[in-house]
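Enquirer: Questions regarding the structure given below will be posed in turn.
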Amino acid sequence: MSQLSSRHLLGIKDITAEDIQLIFETADNFKEVLNRPIKKVPSLRDITIANIFFENSTRTKLSFELAEKRLSADVVNFSSSNSSVKKGETLIDTVNNILSMKVDMVVMRHSSPGAPHFLSRNIKANIVNAGDGTHEHPTQALLDAFSIREKLGDVAGKKVAIIGDILHSRVALSNIFCLQKLGAEVMVCGPITLLPKHITSLGVKVEYDIQKALEWCDVANILRIQLERQQIKYFPSLREYSLFYGVNKKMLDRLDKEIVIMHPGPINRGVELNSDVADSEHSIILNQVENGVAIRMAVLYLLAGVR
């Protein structure tokens, strides 16, 4: 198979394990390109891509923009903070106006779960979901699994613990779907108030003791506390959260094995992760950032082939 089964990337739930493997193989090739002196290829020279971000983003937006430019696409950036959305324009009007400028693909981040799905049913362009509310963030899950594959050789059979604010995290849901499709075992760990009620229905293990989770896993993917999404207090204070769920070097030294530390960023240093862990040899956080560009190049390139 040399083509994706879908013309959009709306979520990991909607793609197959074969799709994921194809994205990884394509990303392997693009990673070689990124390590050359000339990092550009003319693959998407005739394609125009609009980055439409209705929510703040630095890392994801930069990563997509870099991926698009490395593929020689024409790039249009749209941010809702200084747009007609503030004047009451609807989502579909906004996007239709952008599409009437002959845009082929839309990379979209929105605070409402399902917004990219709604859009895919109403417009002709390929849609890439760059995060929709607390629902999914598919390219982050792909780059996380790709980074595990790169570090450990394979994802199948590995034990991955996702630790922290599972309730508000779109990264957690996409990661669970992606890791399971690739044959990994998944555990979630965090305070009971930050774990969704029916999380076990997704076939994951649940652990409340972080030391036990670290002893179980091969890889710990530590999530940021998403204070901006929390309307009520889910724990007494950041200091208390850090005491019970922050990962520090002492905890890793107690383990009888080496584990891999990941974080989707940005890190709240001293809260979910201490600097002595984030900057240690256990950490592949900067590899994740590098792999993000290759994965996003692969996704855009493959979707352009399904046009």
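Enquirer: From the list Val299, Val277, Val271, which residue is over 30 Å from Ile127 (Cα atoms) and either in the same structural domain as Arg45 (by TED's automatic domain parsing) or crowded, with 21+ Cβ neighbours inside 10 Å (or both)? Steps first, answer last, please.
Expert: Details: Val299 fails: over 30 Å from Ile127 (Cα atoms); Val271 fails: either in the same structural domain as Arg45 (by TED's automatic domain parsing) or crowded, with 21+ Cβ neighbours inside 10 Å (or both).
Unique residue meeting the criteria: Val277.
Enquirer: Yes or no: the stretch 64-75 includes at least one residue that is more than 26 Å from Ser147 (Cα to Cα), surrounded by 15 or more Cβ atoms within 10 Å (Cβ to Cβ) and not aliphatic (A, V, I, L, M). Don't jump to the end; show me each part of the working.
Expert: Residues of the stretch 64-75 that are more than 26 Å from Ser147 (Cα to Cα), as a first pass: 74-75.
Next cut, surrounded by 15 or more Cβ atoms within 10 Å (Cβ to Cβ) only: 74-75.
Going one step further and asking which of them are not aliphatic (A, V, I, L, M), we end up with 74.
Yes, that holds for at least one residue.
Enquirer: Taking the condition under 21 Å from Glu65 (Cα atoms), among the polar types (S, T, N, Q) and at pLDDT 90 or above, does Thr139 pass?
Expert: Values: under 21 Å from Glu65 (Cα atoms): yes; among the polar types (S, T, N, Q): yes; at pLDDT 90 or above: yes.
When the stated conditions are applied, Thr139 passes them.
Enquirer: Next question, about the same structure. When the stretch 18-47 is examined, which residues are found to be farther than 15 Å from Asn291 by Cβ and buried (at least 19 other Cβ atoms within 10 Å of the Cβ)?
Expert: As a first pass, look at the stretch 18-47 and keep what is farther than 15 Å from Asn291 by Cβ: 18-19, 21-22, 36-38, 40-47.
Selection gives Asp19, Leu22, Leu44, Ile47.
Enquirer: What number of residues in the stretch 142-173 are within 17 Å of Leu202 (Cα to Cα), modelled with pLDDT of 95 or more and touching a Lys or Arg at 6+ places or on another chain (Cβ under 6 Å)?
Expert: 0
Enquirer: Another question, then. Applying the selection to the stretch 111-132, what residues are in contact with a strand residue (DSSP E or B) (Cβ under 7 Å, 6 or more places away or on another chain) and either within 19 Å of Asp165 (Cβ to Cβ) or hydroxyl-bearing (Ser, Thr, Tyr) (or both)? Please lay out each step first, then the result.
Expert: Filtering the stretch 111-132 down to residues in contact with a strand residue (DSSP E or B) (Cβ under 7 Å, 6 or more places away or on another chain) leaves 112-116, 119-120, 125-132.
Ser112, Pro113, Ser120, Gly131, Asp132, listed by residue number.
Enquirer: Determine if the stretch 18-36 includes at least one residue that is in a loop (DSSP other than H, G, I, E, B) and either without any contact (Cβ under 8 Å) to a residue 12 or more places away in the chain or basic (Lys, Arg) (or both). Working first, answer last.
Expert: Going through the stretch 18-36, the residues in a loop (DSSP other than H, G, I, E, B) turn out to be 35-36.
So of that shortlist, the ones also either without any contact (Cβ under 8 Å) to a residue 12 or more places away in the chain or basic (Lys, Arg) (or both) come out as 35-36.
Yes, some residue in the stretch 18-36 is in a loop (DSSP other than H, G, I, E, B) and either without any contact (Cβ under 8 Å) to a residue 12 or more places away in the chain or basic (Lys, Arg) (or both).
The values are calculated or read from the model by the stated rules, or taken from the named source; none is laboratory data. Everything numeric in this text was worked out from a predicted model, so none of it was measured. Here the Cβ is made from the backbone with ideal geometry for all residues, glycine too, and neighbour counts use every protein chain on show.
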